[in-house]
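Asker: Just dropping this structure here.
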Amino acid sequence: MTSLFPDPDRPFRLGTRGSPLALAQAELTIAALIAAHGWPREAIRIVPVSTSGDRIQDRPLAELGGKALWTKELDRALLAGEIDCAVHSMKDVETIRPETIAIAAMLPRAATQDRLIGASSIAAIPEGAVIGTSSPRRAAQMKALRPDLRTSLLRGNVATRLARVDSGDIDATLLAAAGLDRLGLGDVGTTIPPETLLPAVAQGAVGIECRADDAVARALLQAIGDAATEACVRAERALLLALGGSCHSPIAALAQLEGGGIRLRAQILSEDGSEQVSREAMLPPDAPEAGAMALGKELLDEASPALRALFHP
């Protein structure tokens with residue numbers, strides 16, 4: 001099977017967004033494929049694909065179609081046969097995917113935490129400061145911890161966001177530790193533990209998709225999949241499905257292997273952080289989805305009508 005793609009004239013085509021972080025994640029995928037199959041580097045070609053989410057930077061994702069802004073162009077290229085697989089940050093992938101596309105593998109998960117940029121701690125952020133973020137989760141969590149803080153829309157790649165803090169346009173922001181690490185910026189910011197800020201669903205996980213009917217690509221990619229990551233992210237995504245959350249809905253979740261099972265912690269919040277409901281459950285590692293969906297229902301059952309209205313299970 002691996003002999004199908006040793007020829008530079010027919011490389012394995014890997015689609016990705018063109019941002020520095022996306023390209024770094026593509027290189028991680030390439031390294032994993034080379035290690036698994038013994039291919040030369042020229043057997044794999046990166047195909048950058050411009051996405052709507054990259055082009056439109058002045059409005060929240062929820063106003064523009066949500067997470068599909070990161071995937072629809074890659075989906076089109078994949079289904080058109082222009083690429084053999086697509087690499088994604090799993091937190092950017094819609095919960096319900098087309099039946100024609102399969103999530104074939106996830107790489108070993110990196111750090112799941114957020115890092116605070118612009119202050120040494122949440123307590124050290126000046127009173128009334130402006131936090132730049134495009135994430136309803138981060139905005140709600142920060143307001144819950146510090147009701148005095150204000151939020152401002154902040155989109156763009158990592159360098160753009162760091163520059164906005166450096167220039168004083170905003171006082172602070174939060175970025176995923178995994179992304180900073182993958183860009184060689186592991187010493188930037190203060191890591192916030194999940195006990196303080198539970199992360200986004202699938203944060204730190206890189207997923208690779210292929211056409212569902214492409215048995216060769218699927219098998220090649222499955223060889224680089226990390227079973228623990230896949231089980232935990234499946235649990236988090238099942239919770240998200242049960243909640244029916246959108247890009248408007250502040251949701252946080254983290255699943256981790258613990259004691260032979262999967263410990264899933266989850267939180268939903270009102271947009272201003274004034275209400276929050278948190279629960280956790282232990283799930284079987286081989287089939288965590290049913291328990292995760294039950295946990296989602298429990299969260300909604302405990303929420304007020306106003307908080308429940310942010311979700312559409």
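Asker: How would 213, 272 line up from fewest to most surrounding beta-carbon atoms within 10 angstrom? Spell out each step's value before the answer.
Answerer: On the way: 213 10, 272 13.
Sorted ascending by nearby Cβ count, the order is 213, 272.
Asker: Still on this structure, I have one more. Starting from the Cα-Cα distance between residue 79 and residue 159, subtract it from 0.36 nm times their residue separation and give me the gain in nm to one decimal. Before the final figure, lay out the partial values.
Answerer: Working: separation 80, 0.36 × 80 = 28.80 nm, distance 3.18 nm.
Contour length minus Cα-Cα distance gives 25.6 nm.
Asker: Here is a follow-up. For the range 114-192, evaluate the Debye formula with one uniform point scatterer on each Cα (no solvent term) and list log10 I(q)/I(0) at q = 0.15, 0.16, 0.18, 0.24 Å⁻¹, rounded to two decimals.
Answerer: Here the Debye-derived log intensity ratios amount to -0.44, -0.51, -0.65, -1.20.
Asker: Using alpha carbons only, how many angstrom separate the centre of the range 276-303 from the centre of the range 189-250?
Answerer: 16 Å
Asker: Rounded to the nearest 5, what % of the DSSP beta bridges within the chain are antiparallel ones?
Answerer: In the chain, DSSP labels about 75 percent of beta bridges as antiparallel.
Asker: Which whole DSSP H helices in the chain pass both tests: a Cα extent of 15 Å or more along the axis and a mean Kyte-Doolittle value no lower than 0.5?
Answerer: Result, helices passing both filters: 20-37, 227-243.
Asker: Still on this structure, I have one more. How would you rank 248, 37, 312, going from fewest to most other Cβ atoms within 10 Å of each one's own Cβ?
Answerer: Lowest count first: 312, 248, 37.
Asker: Here is a follow-up. Would you work out the Kirkwood radius for the range 196-313? I mean one over the mean of 1/r across all pairs of different Cα atoms, in Å.
Answerer: Every distinct Cα pair counted, the radius reaches 15.0 Å.
Asker: Taking one equal scatterer on every alpha-carbon of the range 75-115, how large is log10 of I(q)/I(0) by Debye at q = 0.14, 0.19, 0.27 1/Å?
Answerer: Log-scaled intensity ratios, in q order: -0.41, -0.68, -1.12.
Asker: For labels at residue 124 and residue 258 in the simple 7 Å Cα→Cβ model, what's the distance in nm?
Answerer: 2.9 nm
Asker: May I pose another question? Within the chain, which is the longest segment containing none of the GluC sites (Glu not before Pro) that sit in a DSSP loop and have at most 11 other Cβ atoms within 10 Å? Present the calculation step by step, with values, prior to reporting the outcome.
Answerer: Numbers: sites that count: 99, 127, 195.
That would be 196-313.
Asker: Suppose every K and R has +1 on its Cβ and every D and E has -1 on its Cβ; what is the size of the dipole of the chain about the Cα centre, in Debye to the nearest 20? Please list the in-between numbers first.
Answerer: Working: 32 positive and 39 negative charges, 49 e Å.
Here the chain has a charge dipole of around 240 debye.
Asker: Hey, fewest Cβ within 10 Å first, where do 164, 137 land in order?
Answerer: 164, 137
No lab work stands behind these numbers, since they all come straight from the coordinates. Since the model is a prediction, treat every value here as computed from it, not as a measurement. Backbone-built Cβ (ideal geometry, glycine too); neighbour counts: all protein chains shown.
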